[in-house]
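See structure below.
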Amino acid sequence: MTEVEPVVAAVVLAAGGGSRYGMPKALVSYEGSMLVERAVVTASEACDPVLVVLGAQAVEVWRKADLVGAAVLVNSDWATGMASSLRTGLEGVRGWPSRVDAALVMLVDMPGMTPAALRRMAEHAAPDALAVATYDGERGHPVLIGRDHWAGVAESATGDEGARAYLAAHPVVEVDCTGLADPTDLDVPPA
């Protein structure tokens, strides 16, 4: 009997209004492409399917961005914080037409994310997986959430905390991604 590779979906959280940035980060142009486009391309090189959660100015993002290959979900409650976007993304993978074993959650505002880091995280995929990327010993993104944990993560996520409380209360595998990606997020426009 051959072992079946776990199916890992990428969930790109791109719904925020970008209050500190001054505009939704999904619409930000960075080195010739929009951040949301970069995230979708990066995710699609490591995961299938790819779901992108839009919110603030969703129609404008959908109209301007090349999101070919990604399923687009809209979080109408985006202003309440990242938790609602995480719930929207997890609901999307839960309802995916074929079985998904784990969701690899990534943020739109990390242009230094790479397929290599996503693949390193995906190596830990399983229905019971909980894993977080580390960079020089510090926890960051992406976060891998196995399907056994989706309901618990969705229930515990509040405001801008996302999965933080759930991860703090459960055993988590730390996956060293140092050197594979730049974990810097773009909180404010470059000076």
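The values are calculated or read from the model by the stated rules, or taken from the named source; none is laboratory data. Keep in mind that this is a model prediction, so the values were computed, not measured. With ideal geometry, Cβ positions are generated from the backbone for all residues, glycine too; neighbour counts draw on all protein chains shown.
Of note:
- Residue pairs meeting the criteria (Cβ under 8 Å; at least 6 apart or on separate chains; first aromatic (Phe, Trp, Tyr), in the range 163-191; second assigned to a loop (DSSP other than H, G, I, E, B)): Tyr166/Ala157
- When the range 6-41 is filtered for residues that are in contact (Cβ under 8 Å) with a residue 40 or more places away in the chain and either assigned to a strand (DSSP E or B) or of a type in the set (Lys, Arg) (or both), the ones remaining, listed by number, are Val8, Ala9, Ala10, Val11, Val12, Leu13, Ala14, Arg20, Lys25, Tyr30, Arg38.
Residues checked against (1) under 14 Å from the mean Cα position of the chain (by Cα); (2) under 25 Å from Thr80 (Cα atoms); (3) at pLDDT 95 or above:
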| position | (1), (2), (3) |
| --- | --- |
| Leu118 | yes, no, yes |
| Met121 | yes, no, yes |
| Ala125 | no, no, yes |
| Ala129 | no, no, yes |
| Tyr135 | no, no, yes |
| Ile145 | yes, yes, yes |
| His149 | no, yes, yes |
| Gly159 | no, yes, no |
| Ala165 | no, yes, no |
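- Neighbours by Cβ (under 9 Å, 6+ apart or cross-chain): first from the range 85-96, closer than 13 Å to Gly146 by Cα; second surrounded by fewer than 16 Cβ atoms within 10 Å (Cβ to Cβ): Leu90/Ala151; Arg94/Ala151
- Residues that are farther than 21 Å from Ser156 by Cβ, crowded, with 16+ Cβ neighbours inside 10 Å and aliphatic (A, V, I, L, M), drawn from the range 100-120: Val108, Met110, Met113, Ala117, Leu118
- Residues of the range 72-97 that turn out to be over 14 Å from Val8 (Cα atoms) and outside any loop (DSSP other than H, G, I, E, B), as a count: 14
- Taken as a whole, the structure places Val74 among residues that are of a type in the set (A, V, I, L, M, F, W, C), out of contact with any Phe, Trp or Tyr (no Cβ under 7 Å at 6 or more places or on another chain) and surrounded by fewer than 22 Cβ atoms within 10 Å (Cβ to Cβ).
- Ala10 being of a type in the set (Gly, Ala, Ser), modelled with pLDDT of 95 or more and touching a Lys or Arg at 6+ places or on another chain (Cβ under 8 Å): no
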